[in-house]
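The values are calculated or read from the model by the stated rules, or taken from the named source; none is laboratory data. Computed from a predicted model, the values in this text were never measured in an experiment. Counting neighbours? That spans all protein chains shown, and the Cβs are built from the backbone with ideal geometry, glycine included.
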Amino acid sequence: MIDPKFETLLALVEAGTYTKAAGHLGLTQPAITHHIKQLEAEYGIAIFHHNRRKLQLTNEGEVLLKYARRAMALDENLRQALDDVRRSVKSLTLAITPSAQTSIAPQLLAKYCNEHPQVHIKLITDNINNIYSKLKTYEVDLAIIEGKITSRHFTSILLDTDMLMVAVSSEHPLAQSNSVSLARLKKENLILRPIGAGTRSLFESHLRSHNEEIHSFHINMEIDDVGMIKELVMANMGVTIISRSAVTQEIMRGKLVCLPIEEFSMIREINLVYYREFSHPEILRDLQNIYSTYH
């Protein structure tokens, strides 16, 4: 059973004020304060900076919050696992990056669930950094990410490879070209994912390898919604850097054209990532097989 003081801490951080946390938990504000003081006494730390007007965690508070989230996730996983045993099902939470969400991945996962009715998958979308955090706290069982694994805490299976390209509207002058140079790309209005997104990071990494910087380009907009980016590019409001698999349908419909950047080869992996203690190796094999069968 989860420590109720951890529940209070999580609610307080989420709500941002003692009053809102009390209302959410159905407790009095003094009860919230008492739980936080108990945690501080138990672990010998200050959880919040008490001399600041806005709630702000101390370094020790950040650590405690991380483990409180992990404890909550483990408790939920335990209850789900026990319920799965009673119902003879397997429930998994799978995270996917926004770019991967717009690829064939969701359809393949739906196909897998249809063929394996005893498996229930909860699919969530998040950026790569948040996905790694959720894997570490056991809030997520599996993840499909674009890019290589960057943490020693997890294991990965290569599902596929993909390529980043320049996507333009079929009405754009570049749509008649076979490729685009960096010099020409600098003249375009770019609509990109925000800093930290996998697509953006890989593009910037390749630029640096060619002694170029992202600041040399005209970034018109930054949007953390791949669908919206595609809509704007199809409307000829700018061009973008995107994985080819994310725009397959738009290319087939004649709405977008993908072009390689001259002397660039922005190939990246699509990996299935999981923590080492993952207890369903047969599901890992099945997901790998369904990807390989598709290709």
*May I ask you to list the residues in the range 187-220 that are within 29 Å of the chain's Cα centre (by Cα), farther than 23 Å from ARG268 by Cα and of a type in the set (D, E, K, R)?*
GLU188
_Top-ranked residue of the range 182-199 - restricted to ones that are in a helix (DSSP H, G or I) and in contact (Cβ under 8 Å) with a residue 24 or more places away in the chain, ranked as farthest from MET228 (Cα to Cα)_ = LEU182
*asked:* Out of ILE36, ILE45, I need the residue that is part of a loop (DSSP other than H, G, I, E, B), hydrophobic (A, V, I, L, M, F, W, C) and at pLDDT 90 or above. Which one?
replied: ILE45
*Quick check: anything in the range 190-199 surrounded by fewer than 19 Cβ atoms within 10 Å (Cβ to Cβ) and modelled with pLDDT of 85 or more?*
yes
*Can you tell me which of GLU269, GLU250 is acidic (Asp, Glu) and in contact with a helix residue (DSSP H, G or I) (Cβ under 8 Å, 6 or more places away or on another chain)?*
GLU250
*Name the residues in the range 111-124 that are outside any helix (DSSP H, G or I) and under 22 Å from ASN289 (Cβ atoms), would you?*
HIS116, PRO117, GLN118, VAL119, HIS120, ILE121, LYS122, LEU123
*In the range 215-243, which residue that is without any contact (Cβ under 8 Å) to a residue 12 or more places away in the chain and not charged (D, E, K, R) is nearest to THR161 (Cα to Cα)?*
MET228
*Is there a residue in the range 81-94 that is within 13 Å of THR137 (Cβ to Cβ) and either part of a helix (DSSP H, G or I) or at pLDDT 75 or above (or both)?*
yes
*Quick one: GLU212 ticks every box in (1) within 26 Å of TYR112 (Cα to Cα); (2) part of a loop (DSSP other than H, G, I, E, B); (3) of a type in the set (Asp, Glu) except a single one, so which number is it?*
(1)
*Does the range 125-147 contain any residue that is in a loop (DSSP other than H, G, I, E, B) and more than 15 Å from the chain's Cα centre (by Cα)?*
no
*Test: residue in the range 153-163 that is part of a helix (DSSP H, G or I) and surrounded by fewer than 18 Cβ atoms within 10 Å (Cβ to Cβ)*: no
*asked:* Of everything in the range 150-171, what is assigned by TED's automatic domain parsing to the domain that holds HIS206 and either farther than 29 Å from ILE96 by Cβ or free of Cβ contacts under 8 Å to residues at least 60 places away in the same chain (or both)? Give them in sequence order.
replied: GLU171
_Any chance LEU108 is over 21 Å from the mean Cα position of the chain (by Cα), modelled with pLDDT under 85 and in a helix (DSSP H, G or I)_ = no
*Name the residue, out of GLN38, GLN56, that is farther than 30 Å from SER91 by Cα and under 32 Å from the mean Cα position of the chain (by Cα).*
GLN56
*asked:* With surrounded by 12 or more Cβ atoms within 10 Å (Cβ to Cβ), over 29 Å from LEU272 (Cβ atoms) and among the basic types (Lys, Arg) as the only criterion, which of LYS54, LYS37 stands out?
replied: LYS37
*Test for VAL166: is it surrounded by 13 or more Cβ atoms within 10 Å (Cβ to Cβ), closer than 21 Å to LEU259 by Cβ and not acidic (Asp, Glu)*: yes
